[in-house]
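Okay, structure first, notes after.
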Amino acid sequence: MSLMGIDVGTTGCKAAAYSDAGVCLGGAYREYPTLRPAPLWAELDSRAVFDAVCDCVAETAILAAKDPVTALCVSSMGEAVTPVSADREILGNSILSSDLRGAEYTERLVRELGVESFYEINSNIPAPNYSLPKLLWTREHMPALFDRAWKFLLWGDLVGFMLGAAPVTGHSLANRTLLFDISREDWSDPLLAWAGIPREKLPACVPAGTVSGTISGAMAERTGLPKGTAVVAGGHDQCCAALGAGVCAPGRAICGLGTIECVTPVFSPMPPAGEMLARGLGVEHSLLPGQYVSFIYNQSGVLVKWFRDCFARNEGEIPDGDLYGALMAEMPAEPTGLMVLPHFDVTGAPGYITDSAGVITGLRTDTRRGEILKALIEGAAFWFVEPVEGLRVLGVDTSELVATGGGAKSDAWLQIKADIFGVPIVRPRVTECGVLGAAMLAGMASGAFKSASEAVECLVRRDRVFEPDPARHTLYRERHALWRGLYPALRETLRAQGEWASRP
């Protein structure tokens, strides 16, 4: 028997299969574009993305054919939902968290319910990036679609449902809607009533690791998976990544380097609401009973992808096809003289800055593209310095961080992070920890593993530790002190520029 993990992200999806002895049997990846139908809008073509998921699953199933998959689980981005019919038809696109539609509903929620009262129920700070503002926007501006939709499903739920399982959502994903009661572990009746959203338009809430059904005959034929393959309710990608990185005990943290960079600390019991709210941080369930996580996140990998698309899209043949590696080889060894404000999209927690923009300062005619790339990585990391240091007050050990995600494959990227944070950065052998964590959860649900610790012992190994360079860390502390003044100095200019650019 083998176990399959699937991960659906903002820019791509992947699947991988693992034997119960811990051997990776193979995997696949597909990239897809973000649709920009209007300024400040961002969508995914949900049908195309699900097709890409099926392609990944089918390719992986072939590689695992000698040890057939018996259970699968899905890790996914949060917030974005897709409307579906009862007969498993995708009815429309998925609005991404970086899309600013629905901001007016967030303002109304804060005005009518108050941040503190809302936080007591959902433990998130209201912001436009969550599902609720997008649902309300859809109801007002696309009423026919809203009425036709049987359910609105988050991506992990959607993949399971389309494969043949019941429409359910794990607690960690449900929390990303702003409609979930974290204490009751179910949809909040008061919040549903305020929003005017019928409960029946949402999936049932279940603990992560719940078997929600089996793959349908049609999907077994399409993907090559065995009939009867169990479908297990998964969770938010960062929660899955924490498990896949072996961070399954309170007081530790991972640093996910994907489209979005996210530092995820693990808590037990739930941290005090007042203290978390004061720090601008939300709380949600982890995949494991009695444990909770928080997220410090902002754009990161998407900036590297933007750089690639703008400055290297027409490159010639690169040895081994490693375009990112070739570009990073052009980066200077020492800290750059540039500074980047990583506000290219709406920022994450803490802050949720919606009226800013990305900035690169210090450019000269002799600036090379390798310097710009490194400055983007430096600026993205600077954004995290103070919030991560604040985790220590909450009892989180940040004396080392475990790096996960596609960016963790880059030695250069991890060394920059170690030099900026001044702590060792640990790279696990498998860096796509969202996929691995989902497969581990599938194994725990199907009986392949008796516990999370057994799954970790079987599947998680360290690859390398990146130690900070003391001299560079000192330089970066000086640079960070300058960087902190960048946004305050430009705030009003960037706000006015945004207002001017958005005029009809």
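Structure summary
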quantity	calculated
log₁₀ of I(q)/I(0) at q = 0.11 Å⁻¹ - segment 317-430, Debye sum with one point per alpha carbon	-0.43
Summed side-chain charge close to S97 - residues other than S97 whose Cβ falls under 15 Å, Lys, Arg +1, Asp, Glu -1	-3
Percent RCO, i.e. relative contact order, over segment 88-234, from Cα pairs under 8 Å lying at least 6 residues apart	22 percent
Convex hull of segment 148-286 built on C-alpha atoms - directionally averaged projected area, nm²	10.4 nm²
Prolate/oblate/rounded call for segment 90-181, Cα gyration tensor, a/c under 1.5 rounded	oblate
Spread of Cα-to-Cα distances over 10 Å intervals beginning at zero, given as percent, for segment 247-376	11, 32, 28, 20, 9, 1
Inter-part distance where segment 44-113 and segment 11-41 are each reduced to a Cα centre, Å	11 Å
Gyration tensor over alpha-carbon atoms, segment 1-59, equivalent ellipsoid semi-axes in Å	29, 10, 7
Segment 181-333, relative contact order [Cα under 8 Å, separation at least 6], %	16 percent
Volume per residue that the Cα convex hull of segment 409-462 spans, once the total is divided by residue count, Å³	79 Å³
Stretchable slack from L363 to A193, in nm (0.36 nm times residue separation minus alpha-carbon distance)	56.0 nm
Residues V388, V110, V81, V49, sorted so that the one with the fewest Cβ neighbours within 10 Å comes first	V110, V388, V49, V81
Relative contact order of the chain, defined on C-alpha pairs under 8 angstrom at six or more residues apart (%)	15 percent
Space enclosed by the convex hull of the alpha-carbon atoms of the chain, per residue, Å³	144 Å³
25 Å Cα-Cα reach of K227 towards lysines, excluding residues that sit fewer than 8 places from it in its own chain	K14, K66, K450
Equivalent-ellipsoid semi-axes of segment 7-137, from the Cα gyration tensor, Å, largest first	35, 18, 12
The chain: calculated mean residue ellipticity at 222 nm from DSSP helix runs of at least 4, using -39500 (n - 2.57)	-11500 deg cm²/dmol
Inter-centroid distance (Cα atoms) of segment 402-430 relative to segment 203-226, Å	34 Å
Over segment 376-443 - Rg/Rh using Cα atoms and the Kirkwood inverse-distance radius	1.02
Span-rule helices in the chain, defined as complete DSSP H runs reaching 24 Å or more along the axis (Cα) with Kyte mean at least 0.5	46-63
Rg/Rh for segment 36-102, where both radii come from Cα atoms and Rh is the Kirkwood radius	1.08
Kirkwood Rh, Cα atoms: Rg over Rh of segment 105-152	1.05
Where N is the number of residues in segment 415-504, Cα Rg divided by 2.2 N^0.38 Å	1.80
If the convex hull is drawn through the Cα atoms of segment 184-252, its volume per residue in Å³	159 Å³
Computed E for A48/L145 - FRET, C-beta separation, R0 22 angstrom, nearest 0.05	0.80
Spatially proximal lysines relative to K151 (Cα-Cα < 24 Å; intrachain offsets below 8 disregarded)	K134, K201
Quotient of Cα Rg and 2.2 N^0.38 Å for segment 178-223, N being how many residues it contains	1.60
Cα radius of gyration and Dmax for segment 451-504 (Å)	22.3, 58
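No lab work stands behind these numbers, since they all come straight from the coordinates. Just so we're clear, the structure is a prediction, and the values are computed from it rather than from any experiment. We place every Cβ from the backbone using ideal geometry, glycine too, and count neighbours over all the protein chains shown.
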